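I have placed the structure first, in the form of structure tokens, so that the comments after it can refer back to it.
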Amino acid sequence: MDAIGGFWKWNPLLGKSKPSRRRRIESNSGSIVEASYRFPLKQAVTAASLALTGDTIAQLRDRWSKAKEASKHQSASDADTATQDILWRQISEHDWLRALRMTSYGFLLYGPGSYSWYQCLDHFLPKPTVQNVMLKVLLNQIVLGPCVIAVIFAWNNLWLKKLPELPGKYKRDALPTLLYGFRFWIPVSVINFWVVPLQARVAFMSMGSIFWNFYLSSSMSK
């Protein structure tokens, strides 16, 4: 999931006059097989929507906590006005650029990339045996997990024009984030590979990321 062009290719729906882009692959028997590339639009939209939801919950909770803390020092006569101000600030102070940053990450990177990853795992480990499930969970944690953390950190720093600070960000936050993730994502991954069908795995993991982002937000605000 390190690069868009190298990991998957965009292939919008074309008319009859424009045939779709295809790759010719020589099979073991010597015959030529044509394999088409399609951008997983459904999975990308799902991941983007859930990434936006997770970010919105994190932002709302953070602003609500700060506003409630500030209202404790106000008099009782200002309580009603403070409550109205809190509700207004939930909308007016929303960081839409941050929301766009997370949404684009889900649409362009996490959605298509994780879907391709799960397809690859199912191709090489198709049988739902205990051994295969455990191996998928292990690979998910030691391969996909670090890749996701590396990509989202880089994506955020790229949007914030802070790429020179990226190595320090990795040294400071990457390992703690990964270790916290093991506690949550290992049981979620077991359910994902054991029960959830391939077509719904990106959505299931994205829904899990909503709760994970909420957990991170709660931990960091303490």
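The values are calculated or read from the model by the stated rules, or taken from the named source; none is laboratory data. Because the structure is a prediction, the values reported are computed rather than measured. Virtual Cβ from ideal backbone geometry, glycine too; neighbours counted across all protein chains shown. Just so you know, the surface numbers come from the protein's heavy atoms only, side chains and all, with ligands and any DNA or RNA stripped out. Shrake-Rupley method; radii C 1.70, N 1.55, O 1.52, S 1.80 Å.
Electrostatic bookkeeping for residue 105 treats Lys and Arg as +1 and Asp and Glu as -1; over the other residues with beta carbon under 13 Å from its beta carbon, the sum is +1.
For the stretch 97-187, the Cα gyration tensor yields ellipsoid semi-axes of 28, 16, 10 Å (square root of five times each eigenvalue, largest first, whole Å).
About its Cα centre, the dipole of the stretch 125-173 is roughly 40 debye, where the only charges are +1 on Lys and Arg Cβ and -1 on Asp and Glu Cβ.
Only protein heavy atoms count here; under a 1.4 Å probe, residue 61 has an accessible surface of about 70 Å².
Neighbours of residue 199, meaning other residues whose beta-carbon lies under 14 angstrom from its beta-carbon, give a summed charge of +2 when Lys and Arg score +1 and Asp and Glu score -1. Rolling a 1.4 Å probe over the protein heavy atoms of the stretch 96-222, with every protein chain left in place, gives an accessible area that is 72 percent carbon and sulfur. Each residue of the stretch 170-184 is assigned a 3J(HN,Hα), and the resulting list reads 4, 5, 7, 10, 5, 5, x, 5, 5, 5, 4, x, 4, 5, 8 Hz, derived from the Karplus form 6.51 cos²θ - 1.76 cosθ + 1.60 (θ = phi - 60°), x at Gly and Pro.
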